[in-house]
Amino acid sequence: MNIEDKISQLREELRQHNYNYYVLDAATISDYEFDMKLKELQSLEEKHPEFYDANSPTLRVGGEITKNFETIVHEQRMYSLDNSYSKEDLLDWETRIKKLVDGEVKYTCELKYDGASISLTYENGELVRAVTRGDGIQGDNVTTNVKTIKSIPLKLQGDFPPKFDIRGEIVLPYEGFAKMNRERLAAGEEPYANPRNTASGSLKLQDSGETAKRPLDCLLYNLVGDRLGISSQFESLEKARKWGFKVPEESRLANSIDEVLDFINLWNDKRRDLPYETDGVVIKVNDLQQQEELGFTAKAPRWAMAYKFKAEQVVTTLNEITYQVGRTGAITPVANLEPVQLAGTTVKRASLHNADQIQKLDIRVNDTVFVEKGGEIIPKIVGVDFQKRDKNSTVTQYITTCPECDTDLVRKEGEAQHYCLNTQGCPPQIVGRIQHYISRKALDIEGLGGETVALLVKEGLITNYADLYDLKKEQLIPLERMAEKSADNLIEGVAKSKEIPFERVLFGLGIRYVGETVAKKLAKHYKTMDAIVKATEEELVNVDEIGIKIAQSVREFFDVEDHKILVERLKAYGVQLQISAEKLANQTDTLLGKTFVVSGVFEKVSRNELKKLIEDNGGKVSSSISSKTSYVVAGANMGPSKLDKANKLAVTIISEDDFLNLLT
Ligand code: AMP
Ligand code: ZN
């Protein structure tokens, strides 16, 4: 046998063993034999780099370093799920569905795995990319790390389609998590808080060799792509399993909501026997044609619903209430608890939200309290055991001055939170704003971390984000723990931030209510910072999807002289304060004022390209037909009830070609 054949034979053998062990959970070879074969392959590959394969089993051990995870836009958005908590919620959902689709509806019931969601792209049976969910629109390219997860096939088997994405959850089973924590404790390190965060943290490690050491697993549940030859969710699970994916076996097909409830009741208890964390059930309309007709809301598919299991509750003592000041000056009360085990993690702190919440539950120091952990990471106090209350306890007095700068706190009409308005002098606000500016989704300044920002502020080197651009190396060197190299990196990172696109700069300014999405909308509409600075409240409200609260906040921000100066300074340093010429060139107003609904499968462009074309040319995409819809762009297999609705409302239906003609 020649070398090339030998190499490919070993790869195939190891792939099969991997599959048997990690996916089927049925080893057919001893660990020792496996290691010997792997070593043999490694040494052959070293001697013959000409036969390199990016998906060789030897790459499972990792070792590649990623400094910076590249941002990738999901070809199809990764949506969230709507939540339900009772039978009534589910029946309401069913009623809504039945209004929108024809015929009988069946459901696939799956467990809701609590981990980090991931989207895997396969081309010609090979894993080419793994991207985190991120904000649902774009995520991080974590392919090198994901390749070290042994239950994820690098090569597929059977009759897989040439190109598709598959989505699922990367989880850290309890046992592996406990082992990691035992090792950390033994090494004198802080244990990890919980499996979910540790799983998602593992995907973002720079050294894939470290990721490889973590006992991660990946459970898949959603195929995405055009022309996959599949007609139902349940079928897609079965198919994916045949191609070599680890698709959980617990899923069931239910003929009615009653059968869905049976599934929920069964797993409500039985889930405790599973090796990994689950926090609910996900119910999906089984028929893909019906899914297509139902479409999506802005946030979630209409064809799926999460049912959340009741959160676990524990009892503990409230030792102290402390107060945190955020970058906007908002005060958050924090409960410091007697440490207690809850849902597999140790809980020491819980959010108390605001003064009303404390008053409503009458929470006092030394109380015995009930603590719950729902979907959110931070647990909350849901009640007090009044029988155990000390006779001498006194009502909690909410603080009246800022714990950091002593300024009197104010609470505006209709707002839940107290604020410290000393924006220019309150240290955590100053630091917080700059930390927000440099954060990953804003200016993403490499070589500068949150702690360094705090240090720079403390040392009086900066008081706002514009000051970053004035920093000199000589000022940095004398600082504690600042080596020459880190000083260089910092200066370089700051300089590089001048290339970050306008919309992210706008987000980085830290205007209240201007999150990533709003910043994008404003940038797209106004195109330059100058135009936004000048826009009146009325003009702002007229921008699509910008409400009065946002408009007021933007206006208030730029009415402050200091803020205008900051923006002028950023401009002088060369920070991007308008959308790039390139982006501008691809945008037109051709479809301004027109709303489109896209349905079916297209030939010349993908659904997403089509939607992007609509938006880039000033049109709006909506997922359901109404009297406001200007056009339905219909591809092959358009849903019958959509067609019906379009006809009823006399909405014009156009083909893909008609649409493309609109643009020329
Ligand atoms: P949420 O983050 O609460 O909106 O829930 C949505 C998330 O649930 C998705 O992003 C997935 O990562 C996760 N999830 C876990 N199990 C499933 C499942 N079986 N089907 C769909 N999503 C799931
Ligand atoms: Zn303050």
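The values are calculated or read from the model by the stated rules, or taken from the named source; none is laboratory data. Bear in mind the structure is a predicted one, so any value in this text is a computation, not a measurement. Because the Cβ atoms are built from the backbone with ideal geometry, glycine has one as well, and the counts that use them run over all protein chains shown. We work out accessible area using only protein heavy atoms, side chains counted, and drop any ligands, DNA or RNA first. Shrake-Rupley method; radii C 1.70, N 1.55, O 1.52, S 1.80 Å.
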Loop GluC sites (Glu not before Pro), the range 234-265, which have at most 13 other Cβ atoms in a 10 Å radius of their Cβ (DSSP)
E249
Would you list, by chain and number, the aspartates and glutamates whose Cα falls below 15 Å from the Cα of K612, excluding same-chain residues fewer than 8 positions away?
E75, D589, E656
What are the trypsin sites (Lys or Arg not before Pro) within the range 415-493 that DSSP puts in a loop, where the Cβ has at most 11 other Cβ atoms within 10 Å?
K472, R481
Within the range 537-608, how many lysine pairs that are 8 or more places apart, or on different chains, have C-alpha atoms less than 24 Å apart?
5
Restricting to DSSP H runs of at least four residues, report the calculated mean residue ellipticity at 222 nm for the chain, -39500 (n - 2.57) per run over all residues, nearest 500 deg cm²/dmol.
-10500 deg cm²/dmol
For q = 0.12, 0.20, 0.23 Å⁻¹, Debye-computed log10 I/I(0) when each Cα of the range 109-186 counts as one equal scatterer:
-0.43, -0.98, -1.13
Average Cα contact separation per residue, the range 91-150, under 8 Å, 6 or more apart, as relative contact order %
18
Counting only protein heavy atoms and rolling a 1.4 Å probe, one gets per residue an accessible area for the range 1-115 in Å² of 60
With Rh as the Kirkwood radius over Cα pairs, the chain has Rg/Rh of 0.97
Dividing the alpha-carbon radius of gyration of the range 329-432 by 2.2 N^0.38 Å (N being the number of residues), what value is obtained?
1.20
Solvent-accessible area per residue, Å², over the range 224-291 with all protein chains present [probe radius 1.4 Å]
45
Can you compute the radius of gyration and Dmax for the range 372-464, using only the Cα atoms, both in Å?
18.7, 54
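Report, please, the projected area of the range 27-181 averaged over directions, based on the convex hull of its C-alpha atoms, in nm².
14.5
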Calculate the translational D of the range 493-568 in whole µm² s⁻¹ from Stokes-Einstein, where the hydrodynamic radius comes from the Kirkwood formula applied to all Cα pairs, the temperature is 20 °C and the viscosity 1.002 mPa s.
171
Mind listing P(r) for the range 563-664? All alpha-carbon pairs, 10 Å bins, whole percents.
14, 39, 21, 12, 10, 3
Identify the GluC sites (Glu not before Pro) of the range 469-499 meeting these criteria: DSSP loop state and at most 14 other C-beta atoms within 10 Å of the C-beta.
E480
Once the convex hull of the C-alpha atoms of the range 9-83 is built, how many Å³ does it hold per residue, rounded to a whole number?
188
Hey, any idea what % of the chain's accessible area is carbon plus sulfur with a 1.4 Å probe?
49
If you take all C-alpha pairs in the range 624-664, what percent of them are over 17 Å apart?
27
Would you mind working out the accessible area per residue for the range 401-488, using a 1.4 Å probe, and quoting it in Å²?
53
Once the Cα gyration tensor of the range 293-374 is diagonalised, what are the square roots of 5 times its eigenvalues, in whole Å and ordered largest first, as equivalent ellipsoid semi-axes?
31, 19, 12
Take the eigenvalues of the Cα gyration tensor for the range 214-315, scale each by 5, and report the square roots as semi-axes in whole Å, largest first.
25, 19, 14
Return the sequence-ordered ³J(HN,Hα) values of the range 509-518 in whole Hz as given by the Karplus equation 6.51 cos²θ - 1.76 cosθ + 1.60 applied to θ = phi - 60°, using x for Gly and Pro.
4, x, 6, 4, 6, 9, x, 4, 5, 5
